[in-house]
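To start, the structure itself, in structure tokens.
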Amino acid sequence: MTAGRVPLWLKIGWTLWVAVWVPLYFQYYGASTFLWFCDFANFIILAGLWRESPLLLSWQAVSVLVFQVAYTLDILGRLVFRRHFIGGTEWVFDDPTIPLRIRLASVFMHVAAPPVLVWGVRRLGYDRRALPLQVVTAAVLLPVCWLGWDESLNLNWVWKPFNKKQEWTRPALYLLVCIVGYAVLLFLPTHLLLQRLFGRKKDAAAAKP
């Protein structure tokens, strides 16, 4: 891959963002927050931009695009139509107990990542190894979230969906449903779409880690 495919200003800009965001989130939420898919993605995007790696950017596109686009649309719905069409971002507007700097950082993180990821995959090509890599990541990360923290944190919703109490099955079985559900309902459709849109552009992308 020819050097310089990702502009230096974007690499530096994302680096500065991560340098500001990490201490903010660590101080307020603690280290466990970085296990959320969307938070974890910031580090991999940083590495992907500097390495100009199709695999790293494709991996995180498969992981978080659906979540972050939904978040962005919900934010826009509230700002433009005064309604949350999807839900899940009410706290950004209605929870004064959370410092404004944390809410603004969350909005920036979720709104900025999708265009960076789509641009990166379009620019460098989509690496189809992203799907199995993300499925393995979820199969490891979700049990870690489930075993290490209880439902009060509900990291990646491994205890209850959208923080809504679930009583239809045992917690361990629900964890399995989460792993399979993420893979089939979110990661696979995103992979197929990205493969269709950008996969043919760089057949050589798979040769670069």
Check Leu131 against each of (1) farther than 14 Å from Tyr182 by Cβ; (2) buried (at least 20 other Cβ atoms within 10 Å of the Cβ) and name the one condition it does not meet.
(1)
On the given criteria, is Ala183 farther than 30 Å from Val20 by Cβ and of a type in the set (Gly, Ala, Ser)?
yes
Being in contact with a Gly (Cβ under 8 Å, 6 or more places away or on another chain) and either surrounded by 12 or more Cβ atoms within 10 Å (Cβ to Cβ) or polar (S, T, N, Q) (or both) is the requirement here; does Phe198 meet it?
yes
Against the condition more than 23 Å from Gly199 (Cα to Cα), assigned to a helix (DSSP H, G or I) and among the aliphatic types (A, V, I, L, M), how does Val111 come out, does it pass?
yes
Filter region 76-108 for residues that are in contact (Cβ under 8 Å) with a residue 60 or more places away in the chain and in a helix (DSSP H, G or I) and give the result.
Arg101, Ile102, Ala105, Phe108
Residue check for Ala41: at pLDDT below 95, part of a helix (DSSP H, G or I) and among the small types (Gly, Ala, Ser)
no
Tell me, yes or no, whether region 180-201 has at least one residue that is in a helix (DSSP H, G or I), over 20 Å from the mean Cα position of the chain (by Cα) and modelled with pLDDT under 90.
no
Members of region 17-60 found to be surrounded by fewer than 18 Cβ atoms within 10 Å (Cβ to Cβ) and among the polar types (S, T, N, Q), listed by number
Gln27, Ser32, Thr33
Scan region 61-74 and give yes if some residue there is surrounded by 15 or more Cβ atoms within 10 Å (Cβ to Cβ) and not in a helix (DSSP H, G or I), otherwise no.
no
Could you check region 1-19 and list, in sequence order, the residues that are assigned to a helix (DSSP H, G or I), in contact (Cβ under 8 Å) with a residue 12 or more places away in the chain and not hydroxyl-bearing (Ser, Thr, Tyr)?
Leu10, Lys11, Trp14, Trp17, Val18
Write out, first by first residue and then by second, each pair whose Cβ atoms fall under 7 Å of each other, whose residues are 6+ apart or on separate chains, and whose first residue, in region 175-192, is in contact (Cβ under 8 Å) with a residue 12 or more places away in the chain and closer than 16 Å to Val158 by Cβ while the second is of a type in the set (Val, Ile, Thr) and assigned to a helix (DSSP H, G or I).
Ala183/Val135; Leu186/Val66; Phe187/Val62; Phe187/Val135
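The values are calculated or read from the model by the stated rules, or taken from the named source; none is laboratory data. Note that the coordinates shown come from a computational prediction; the quantities given were computed from them, not determined experimentally. So basically every Cβ, Gly included, is an ideal-geometry build from the backbone, and we count neighbours across all protein chains shown.
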